[in-house]
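Nothing in this text is a laboratory measurement; each read-out follows from the coordinates by a stated rule. Everything numeric in this text was worked out from a predicted model, so none of it was measured. Please note: Cβ atoms are built from the backbone with ideal geometry, for glycine as well, and neighbour counts cover all protein chains shown.
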Amino acid sequence: MKRVVITGIGIYSSLGIDKEEVKDSLFKGKSGIVFDAKRKDIGFRSALTGMVKEPDLKGLLDRRQRKSMAEQCNYAFVSSNEALTQANIDLDFLSQNEMGIIFGNDSSSKAVIESVDGVRAKKDTTLLGSGSIFQAMNCTVTMNLSTIFKLRGINMTLSAACASGSHSVGMGYILIRNGYQDMVMCGGAQEINPNAMASFDGISAFSTNESNPTKASKPFDRDRDGLVPGGGAATLILESLESAEKRGADIIAEVVGYGFSSNGEHISNPNLDGQVRSLEMALKQAEMLPKDIDYINAHATSTPVGDTFEAQAIHKVFGSQTPVTSTKSMTGHECWMAGASELVYSMIMMKHGFIAPNINFENPDEFSKKINIFADTEERTLRTILSNSFGFGGTNSSVIITTYD
Amino acid sequence: MTRVEIVSKTKEFLSEEFEVSEEVIVDEANLQETLDLDSLDYVDLVVIIEENFGFKVQQNDFAEISTFADFYDYVETKVQ
């Protein structure tokens, strides 16, 4: 089996447009959540969202390339560019060497809605334009990025609800570990437009603490009242150790464990057994004990039910000592992207020697009081971290990364 | 709509859509080569013509259009 390392990371989120900005936000516990008034006008129960600036790609990509890119592709291009730059990989290299791509993405709502609205208005599909089909397909991110970056290895999108980004890293890890690929660009992307989140808002999953947006996402807190949606994109360049050494690449971290499971029960409610199995599988894969994990980046989204189960699962497997925070307290729930972005956030913490705070954690509930949640930034050395992601349908993913020695 | 108006409007929307300088859109220039059109670009060309001139070009009609002058002639027949 091959060792799998990470040689580049990129991030574009409500916490910043690159690693440096995001590092500052994470360290300071700065929230990226705002009140988006237009959501009220179209019937949202909650107008809270993580806000991401639309990047201007004119001059970076030609018209043909931009025409096919949905909103989340734009974010993913920026994060992937940053990751490739850090990995010291350019288009010349990619034309000579095979890299694959697996990205988590589970919707392209805006593009779908605009195409349907367009054909209803015009009553003529040929007046939709050429970009519509390529923006509306669920694989829009991998379809576009593989073309832009001339990727010639595996090319697919992974849809697994809010665990999509995490599973993308897990699958890239499996492919490299087993020798099928030397390099895979993994990540997750999430559109933030209101249309993408209307049906999610419709099941009353979102916090309604609209008077205080930055306080609304409070994972593990007794008084949490729902999640806040967010988005953007995150990219990780996974590579075999041999490939990285051959290139003389700087190694950021090593992926050592990937656990997964399915609950096989309710479509939206989590269960304890599934999460525990995912955590235990990741530890077994990594040949580690619970005490070897220095920090857990929790999935915890700030929903009353979800956080309860994760607190129990963490307590059951890790006990009460391992530091835990949910960066969703600052970003909101970055859904399809979350598993990838939270690994990037964790690697930023590893590099700079701190644990980002679980902001808004003021009062524990009966389950969260049993685990070690940090409400404030903690400066400390992190060697090994575990990141959890869980999604609708009961899909669970846990990834362990460690510093490379 | 006069020929001058057609030419002016065409230069404006084609240069914006296909990101070329208006200066390269001259009567005798080849439309496909100047705008670097592939099959997907023709789809967008149909859309943008409909938006600006209010009629829909049939794909087959492009076979008769080589230069920008040909295009202006074609538009004149449609908007008059």
* To do: Please list, in chain and number order, the residues 5+ apart from A:Gln181 or on another chain whose amide H is under 5 Å from its amide H, with Hs placed from the backbone.
  => A:Ile176
* Structure fact -> Residue span A:Glu245 to A:Arg120: 0.36 nm per residue of separation minus Cα-Cα distance leaves a gain in nm of 39.5 nm
* With labels modelled as points extended 7 Å from the Cα through the Cβ direction, what inter-label distance (nm, one decimal) is found for A:Tyr404 paired with A:Leu289? -> 2.8
* Asked: Based on the alpha-carbon gyration tensor of the protein assembly as shown and its eigenvalue square roots a ≥ b ≥ c, which shape applies: rounded if a/c is under 1.5, prolate if not and a/b is larger than b/c, or oblate?
  -> prolate
* Nearest 5 is fine: what % of DSSP beta bridges in the stretch A:255-402 come out antiparallel, could you say? => 70
* Structure fact -> Charge tally for neighbours of A:Val276 with beta carbon under 13 Å away, counting Lys, Arg as +1 and Asp, Glu as -1, is 0
* To do: Could you please report the charge total around A:Phe354, scoring K, R as +1 and D, E as -1 over all other residues with beta-carbon less than 11 angstrom from its beta-carbon?
  => +1
* Structure fact -> Of the listed links A:Lys30/A:Lys53; A:Lys218/A:Lys291; A:Lys58/B:Lys78, those spanning more than 22 angstrom between alpha carbons are A:Lys218/A:Lys291; A:Lys58/B:Lys78
* Under 5 Å, built H, 5+ apart or other chain: amide partners of A:Thr395 -> A:Asn263
* Nearest 0.05, what FRET efficiency do A:Ser204 and A:Lys150 give at R0 = 35 Å with Cβ-Cβ as r? -> 0.20
* Structure fact -> Rounded to the nearest Å, the spacing of the alpha-carbon centers of the stretch A:298-343 and the stretch A:116-189 is 26
* Which of the residue pairs A:Lys28/A:Lys246; A:Lys38/A:Lys215; A:Lys284/A:Lys351; A:Lys67/B:Lys9; A:Lys40/A:Lys110; A:Lys38/A:Lys150 have a Cα-Cα distance greater than 28 Å in the structure shown? -> A:Lys28/A:Lys246; A:Lys38/A:Lys150
* Structure fact -> In order over the stretch A:371-378: 3J(HN,Hα) from phi, Karplus 6.51/-1.76/1.60, θ = phi - 60°, whole Hz, x for each Gly or Pro, gives 10, 9, 8, 9, 7, 10, 4, 10
* Structure fact -> Honestly the stretch A:255-402 on the Cα gyration tensor test (a ≥ b ≥ c root eigenvalues; a/c under 1.5 rounded, otherwise a/b vs b/c for prolate or oblate) is just rounded
* Amide H of A:Leu48: which non-local residues (sequence gap of 5 or more, or other chain) have their own amide H closer than 5 Å, using H built in the peptide plane? -> A:Asp36
* Karplus-derived HN-Hα couplings along the stretch B:61-76 (A = 6.51, B = -1.76, C = 1.60, θ = phi - 60°), whole Hz, x at Gly and Pro -> 5, 4, 4, 8, 10, 9, 9, 5, 4, 4, 5, 4, 4, 4, 4, 4
* Let me know the shape class of the stretch A:4-247, please: from the alpha-carbon gyration tensor, a ≥ b ≥ c as square roots of the eigenvalues, rounded when a/c is under 1.5, otherwise prolate if a/b is greater than b/c, or oblate. => oblate
* Structure fact -> Net charge near A:Ala244 (other residues with Cβ under 13 Å of its Cβ; Lys, Arg +1; Asp, Glu -1) is -2
* Structure fact -> Residue-ordered couplings for the stretch A:174-179, obtained by feeding phi - 60° into the Karplus form 6.51 cos²θ - 1.76 cosθ + 1.60 and rounding to whole Hz (Gly and Pro as x), are 5, 5, 6, 4, 8, x
